[in-house]
1. Please pick out the residue among 62, 81 that is modelled with pLDDT of 85 or more and loosely packed, with under 10 Cβ neighbours inside 10 Å.
2. What do you reckon, is residue 150 in contact with an Asp or Glu (Cβ under 6 Å, 6 or more places away or on another chain) and either assigned by the TED database to the domain that holds residue 200 or open to solvent by less than 80 Å² (accessible area, probe 1.4 Å) (or both)?
3. Here are some residues: 110, 96, 102. Which one is part of a loop (DSSP other than H, G, I, E, B), outside the structural domain of residue 203 (by the TED database) and either more than 26 Å from residue 254 (Cβ to Cβ) or open to solvent by 50 Å² or more (accessible area, probe 1.4 Å) (or both)?
4. Could you list, in sequence order, all residues of region 68-78 that are touching a helix residue (DSSP H, G or I) at 6+ places or on another chain (Cβ under 8 Å), open to solvent by 20 Å² or more (accessible area, probe 1.4 Å) and small (Gly, Ala, Ser)?
5. Regarding region 243-257, can at least one residue be identified that is at pLDDT below 95, over 14 Å from the mean Cα position of the chain (by Cα) and hydrophobic (A, V, I, L, M, F, W, C)?
6. Looking only at region 263-310, filter to residues that are of a type in the set (Val, Ile, Thr) and over 21 Å from residue 127 (Cβ atoms); which one of those is modelled with the lowest pLDDT?
7. Could you grab the pairs with beta carbons closer than 7 Å, sequence gap of 6+ or different chains, first residue in region 80-103 and closer than 15 Å to residue 148 by Cα, second one charged (D, E, K, R) and crowded, with 16+ Cβ neighbours inside 10 Å?
8. Give 179, 166, 174 a once-over and let me know the one that is outside the structural domain of residue 289 (by the TED database), of a type in the set (Lys, Arg), farther than 22 Å from residue 42 by Cα and at pLDDT 95 or above.
Amino acid sequence: MSTPTGPASGLPVRMPRPRQSGRHRRPEPVVAPEGAAALVLAVPGTPSSATRSLAEEVISIARSELPGLNARIGYLDGDDAEFPTLATVLAHNAAERVARFEQAVAAGREVAEPTGPSAVVVPLLAGPDSALIRRIRQAVLDSGTQAELTDVLGPHPLLAEALHVRLSEAGLARADRARLFTVATAADGIVLATVGGEEAVQAAGITGMLLAARLAVPVMAAALDVEGSVASIAEQLQGSGSAQLALAPYLVGPEIDPGLLDAAAKEAGCATAEPLGAYPAIGKLVLSLYATTLGITPATPQGTQGAQAH
């Protein structure tokens, strides 16, 4: 045990490791610049405790990649009490930014006046949904702040990886094609389910091609919010020889009513995987969009090791 003055006699003392030099030197950890714009995650859908937990986990992942990150959550359909609206969060953030500057000046500190965006708003959306994007953009305008809105998260190879993992977790795909084992329930055709109409289907199709390459099975995108779209794509896959289909939600989760997913899976007569949720790639892509907007490193996330196909 330790004494008030240090470790007890005879116990090893952990000393800091000497800094490595040369080509094997570890890079200095990147931290968020002081006074940088806040990252505000725009969360669509009906707020709930589950939605808040998901959003907080995504923010936690982003902060682990960029320590010191000032990150907040704004709900598109919030109530400004338990779940603050996006416009309210942006307005409060901008006011706090001005207050911090004024306090620093009053304290005699030499600080530069804040410039650039007060916040970078990242939609928690895997693909484009024009209706939701319009509402997020309007909330940014309503806030009366200098906030910038980024693109949605996809398409991106990391989302194909996340879809692969979710399918493997549901027993609908092998975790790794290099390992020679079979999954009796593995699908031989994937319906990639998205929302946002034809534009979203086209964007999902890009990630779908990456997923098809990983799984070596056909993947086709369908719109959950277009009547008959999922059933039509399922028929096409079956017509081309796929006998065992699976529904892979190309969705983070909050943007869709779970009942819509269940109905689509029943309509297509296939099993379904879980939405992407707080898979690590989601947090990394959120940070990437934020960092790219501000010109901060890291800006481009790389693929991870989980469930890779070879």
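The values are calculated or read from the model by the stated rules, or taken from the named source; none is laboratory data. Worth saying up front: this structure is predicted, and the values here are computed from it rather than measured. So basically every Cβ, Gly included, is an ideal-geometry build from the backbone, and we count neighbours across all protein chains shown. Heads up: the accessible areas ignore ligands, DNA and RNA and are worked out on the full protein's heavy atoms, side chains in. Shrake-Rupley method; radii C 1.70, N 1.55, O 1.52, S 1.80 Å.
1. On the way: 62 fails: loosely packed, with under 10 Cβ neighbours inside 10 Å.
One residue alone meets the criteria, 81.
2. Numbers: in contact with an Asp or Glu (Cβ under 6 Å, 6 or more places away or on another chain): no; either assigned by the TED database to the domain that holds residue 200 or open to solvent by less than 80 Å² (accessible area, probe 1.4 Å) (or both): yes.
Considered against the rule, which asks whether it is in contact with an Asp or Glu (Cβ under 6 Å, 6 or more places away or on another chain) and either assigned by the TED database to the domain that holds residue 200 or open to solvent by less than 80 Å² (accessible area, probe 1.4 Å) (or both), residue 150 comes out as no.
3. Values: 96 fails: part of a loop (DSSP other than H, G, I, E, B); 102 fails: part of a loop (DSSP other than H, G, I, E, B).
Going through 110, 96, 102 in turn, the sole match is 110.
4. Matches in region 68-78: 78 only.
5. Yes, region 243-257 contains a residue that is at pLDDT below 95, over 14 Å from the mean Cα position of the chain (by Cα) and hydrophobic (A, V, I, L, M, F, W, C).
6. Taking region 263-310 first, the residues of a type in the set (Val, Ile, Thr) are 272, 282, 286, 292-293, 296-297, 300, 304.
Among the residues that remain, those that are also over 21 Å from residue 127 (Cβ atoms) are: 296-297.
On the way: 296: 84, 297: 75.
The selected residue is 297.
7. Filtered contacts from region 80-103: 89/72; 93/72.
8. Numbers: 179 fails: at pLDDT 95 or above; 174 fails: at pLDDT 95 or above.
Only one candidate passes the filter, namely 166.
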